[in-house]
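Input: a single structure, listed below in structure tokens.
The values are calculated or read from the model by the stated rules, or taken from the named source; none is laboratory data. Every value quoted in this text rests on a predicted model; they were computed, and no experiment measured them. Cβ: placed from backbone, ideal geometry, glycine included. Neighbour counts: every protein chain shown. Calculation scope for accessible area: heavy atoms of the full protein, side chains included, ligands and nucleic acids excluded. Shrake-Rupley method; radii C 1.70, N 1.55, O 1.52, S 1.80 Å.
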Amino acid sequence: MRILLVGAGLSGAVIGRTLAQAGHDCHVIDSRDHAGGNCHTERDAATGVMMHVYGPHIFHTDDAEVWDYVNRFADFLPFQNRVKTTSRGAVYSLPINLLTINQFFRRTLRPDEARAFLECQADTSIADPQNFEEQALRFVGPDLYEAFFKGYTEKQWGCDPRDLPASILRRLPVRFNYDDNYFFHRFQGMPREGYTAMIRAILDHPGIATDLSTPYDPAMAGQYDHVFWSGPLDGFFGYRLGRLGYRTLDFERFDYDGDYQGCAVMNYGDREVPYTRITEHKHFSPWETHERSVCYREFSRAAGPDDIPYYPIRLVREKALLEDYVRLAQATPGVTFVGRLGTYRYLDMDVTIREALDTGRDFLARAAQGRSPAAFVHAPL
């Protein structure tokens, strides 16, 4: 079959590779002038630093098949994300761990003592946290919440933390040891030559043709047997039911002679600091040496029609609208919606690849059985 894949990011590349290896003729297009989507990396001409152009992406997973898959196409080197945060004029380690607790409260607590201490700080009257703020107050108490989460969350999401689901905070661990590795997955690393080189390698197959700077036109669909869409779900339908809500990011670049902050990511928890964090890109490639440095100040705001969508909001209004779009998508033959934008979900890179592999295999299985492809292999709701 002739397959059109809209988007040359992880979803389009992995699905295209899966189908091309099975003998299908795949055409990947992207409106941008580079492959890789928001994972795009490139060398900065002035400094030689490998830049994460749309913000940092750190690969971490417990999925052994996905880890083996990416290592087929790139040389991954060890990298652990060790985030720091500046709050109230001091620097602390994140995620909250034993060092953070002892530094913040000026104690010398052992693990069991710290666990009991935080339980005394917590609001134990909250039996079933219903929102982000209640989740924080129940598990870390008001002081740590105010210092590390409240202001940061207000800046990141542009709303009161009481309006956000508790599940956002449940993803962040509290450790009662001195482990400051931000992620807990078995496999963690960075591709030596960046993500764009890896995605180009995935697309490098005789059964795949890739055209960049090529926006999708609905008239294209008639030239193919099936379309995989990794753009915004509402965008496919011309936003006819309304726009789903996203947060977007603005990056304020500045260069520095030397080492600006000594780490890859420094959060800023104080509400009066307008940016959420500063990323120093040369620290994402610790095996390289660069005299000069490139940093981004990162600002979060509501996405407008012409902005790059980053984080789906998925609050009450958006979920109701999403249900309407899902019904519309399921009634639309000839297209499968994939990836972060196509399913309106926040997905880490490893989950994106896992779902792309699942989607490609599901398509092949259905084709072998004479069944129509699914609109969603992984449901947005």
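The figures follow:
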{"quantity": "Filter result (farther than 17 Å from I58 by Cα and surrounded by fewer than 21 Cβ atoms within 10 Å (Cβ to Cβ)) within segment 283-299", "calculated": "T289, H290, E291, R292, S293, R297, F299"}
{"quantity": "Any hit, segment 240-263, residues being in contact (Cβ under 8 Å) with a residue 12 or more places away in the chain, part of a helix (DSSP H, G or I) and not hydroxyl-bearing (S, T, Y)", "calculated": "no"}
{"quantity": "Meets criteria (surrounded by fewer than 22 Cβ atoms within 10 Å (Cβ to Cβ) and in a helix (DSSP H, G or I)) for E133", "calculated": "no"}
{"quantity": "Residues located in segment 168-179, provided they are open to solvent by 40 Å² or more (accessible area, probe 1.4 Å), over 18 Å from the mean Cα position of the chain (by Cα) and of a type in the set (K, R)", "calculated": "none"}
{"quantity": "Restricting segment 180-239 to residues that are of a type in the set (S, T, N, Q) and more than 21 Å from the chain's Cα centre (by Cα), the residue that is farthest from A22 (Cα to Cα)", "calculated": "S213"}
{"quantity": "Selection within segment 138-167 - farther than 22 Å from T86 by Cβ and buried (at least 21 other Cβ atoms within 10 Å of the Cβ)", "calculated": "F139, L164"}
{"quantity": "Matching entry among G89, G55, G36 (being at positive phi and without any contact (Cβ under 8 Å) to a residue 60 or more places away in the chain)", "calculated": "G89"}
{"quantity": "Residues within segment 108-130 that are part of a loop (DSSP other than H, G, I, E, B) and either under 19 Å from R162 (Cα atoms) or of a type in the set (K, R) (or both), tallied", "calculated": "10"}
{"quantity": "Qualifying positions in segment 343-381 - touching a helix residue (DSSP H, G or I) at 6+ places or on another chain (Cβ under 8 Å) and among the β-branched types (V, I, T)", "calculated": "T343, T352, I353, T359, V377"}
{"quantity": "Residue check, D362 touching a Pro at 6+ places or on another chain (Cβ under 9 Å), within 27 Å of Y224 (Cα to Cα) and either aromatic (F, W, Y) or not in a loop (DSSP other than H, G, I, E, B) (or both)", "calculated": "yes"}
{"quantity": "Answer from E146, E113 - the residue that is at pLDDT 95 or above and within 27 Å of R314 (Cα to Cα)", "calculated": "E146"}
{"quantity": "Per-region count, segment 180-193, residues in contact with a helix residue (DSSP H, G or I) (Cβ under 9 Å, 6 or more places away or on another chain) and under 19 Å from Y69 (Cα atoms)", "calculated": "6"}
{"quantity": "Residue list for segment 86-100, filter: out of contact with any strand residue (DSSP E or B) (no Cβ under 9 Å at 6 or more places or on another chain) and open to solvent by 10 Å² or more (accessible area, probe 1.4 Å)", "calculated": "R88, G89, A90"}
{"quantity": "Test: residue in segment 211-232 that is on the phi < 0 side of the Ramachandran plot and modelled with pLDDT under 95", "calculated": "no"}
{"quantity": "Y216 vs. criteria outside any helix (DSSP H, G or I), closer than 28 Å to L10 by Cα, touching a residue at least 40 places away in the same chain (Cβ under 8 Å) and not charged (D, E, K, R)", "calculated": "yes"}
{"quantity": "Qualifying strands (runs of 3 or more DSSP E) (wholly inside segment 6-78; at least 2 residues being of a type in the set (A, V, I, L, M) and crowded, with 18+ Cβ neighbours inside 10 Å)", "calculated": "25-29, 50-52"}
{"quantity": "Some residue of segment 182-203 being open to solvent by 20 Å² or more (accessible area, probe 1.4 Å), in contact with a Pro (Cβ under 8 Å, 6 or more places away or on another chain) and small (G, A, S)", "calculated": "yes"}
{"quantity": "Condition met for L328 (open to solvent by 30 Å² or more (accessible area, probe 1.4 Å), touching a Phe, Trp or Tyr at 6+ places or on another chain (Cβ under 7 Å) and assigned to a helix (DSSP H, G or I))", "calculated": "yes"}
